[in-house]
Amino acid sequence: MKKLLTFIALSMCLGLIMPAQANTLTDKKEKMEKKKKEKKPYVWEMPALTGNKDFDDYLKLCDDLNNKIVSYSENIVFYEVAEVHVIDESGEKDIQYHVVDSAGNLRSSNKAYQQNIDLITAYPLIALDMTNLGLASTSASLALTDLGLNALSYGKYLKAGPILIGRGGKEMKEIYKRARNQAKQIKALKEGKIDDIKALNAEINASDVEAGTASIRVIEKQKTNYDTELEKVTQEDNETPVEEMEIPEEEF
């Protein structure tokens, strides 16, 4: 009987210990996974040139591509075409359609269109830079052995090329796609094709269809505020004429 009681007591202790150990292991695993996810983004810093032409050309290509990626991804303002309900003093609504920014402010459609066209035309050129950098990586790898003791400190920069190419391909491709869609929206607005704008919004916001946000954005503005904003953007539109261009359908 005494042995039986001892066995039961041990079983109960083990029953308490095992879940605790399992929870500890789970917590450790979750912390490790979180640490992996929180990995800091790669930051490029241009080092001193080595004096070796092939390796220095590679470094210059890395620096140039990094600067273009930063400029491309950080200087963009995202716009959309919204349905603006202009409310007068009596409460009557007049429905208008305008290019707006994320805060709902009216923006110059010509300036917005030109920005998107600039992004669309710049992307293939940057994609070419990424190709050239990939080709230069081979020459840089061979040149590394000629750097002598400097090879130890410059070896890490060989990893920069693939990282920058990967980053550029991912970030800029998304911006390119969004710029292309925005340009299509603005072009449809200029042509008065509101149904096309709504269809584009549904396509862009496909993940939000179930939430009911795939339709065109609706903004309410008091007439006095609207008139002030409209006067400003109309002047900007007149000062910023743009040439229409064919918006490419293909993706790079």
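The values are calculated or read from the model by the stated rules, or taken from the named source; none is laboratory data. Source: prediction; values computed, not measured. Here the Cβ is made from the backbone with ideal geometry for all residues, glycine too, and neighbour counts use every protein chain on show.
For every residue, the table says whether it meets (1) assigned by TED's automatic domain parsing to the domain that holds residue 228; (2) under 30 Å from residue 223 (Cα atoms); (3) buried (at least 16 other Cβ atoms within 10 Å of the Cβ); (4) over 23 Å from the mean Cα position of the chain (by Cα).
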residue	(1), (2), (3), (4)
91	yes, yes, no, yes
95	yes, yes, no, yes
102	yes, yes, no, no
107	yes, yes, yes, no
113	yes, yes, yes, no
139	yes, no, no, yes
145	yes, no, no, yes
159	yes, no, no, no
167	yes, no, yes, no
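Collect the residues in region 65-93 that are assigned to a loop (DSSP other than H, G, I, E, B) and of a type in the set (D, E, K, R), keeping them in residue-number order.
At the first step, the residues of region 65-93 found to be assigned to a loop (DSSP other than H, G, I, E, B) are 75-79, 88-92.
Matches in region 65-93: 88, 89, 92.
If you take just the helices (runs of 4 or more DSSP H) that sit entirely in region 94-201, which of them hold at least 2 residues that are touching a Lys or Arg at 6+ places or on another chain (Cβ under 9 Å) and touching a residue at least 24 places away in the same chain (Cβ under 8 Å)? If you could, list the steps in order and put the result at the bottom.
Numbers: elements: 109-144, 150-154, 160-190.
Filter on region 94-201 gives 109-144, 160-190.
In the list 238, 201, which residue meets the criterion of being modelled with pLDDT under 95, surrounded by 16 or more Cβ atoms within 10 Å (Cβ to Cβ) and over 26 Å from residue 59 (Cβ atoms)?
Numbers: 238 fails: surrounded by 16 or more Cβ atoms within 10 Å (Cβ to Cβ).
Among 238, 201, only 201 is modelled with pLDDT under 95, surrounded by 16 or more Cβ atoms within 10 Å (Cβ to Cβ) and over 26 Å from residue 59 (Cβ atoms).
Going through region 120-136 one residue at a time, which ones are among the small types (Gly, Ala, Ser) and surrounded by fewer than 18 Cβ atoms within 10 Å (Cβ to Cβ)? If you could, list the steps in order and put the result at the bottom.
Within region 120-136, the subset among the small types (Gly, Ala, Ser) is 122, 127, 134, 136.
Passing the criteria: 122, 127, 134.
For region 33-50, state whether one or more residues are at pLDDT 95 or above and either part of a helix (DSSP H, G or I) or small (Gly, Ala, Ser) (or both).
yes
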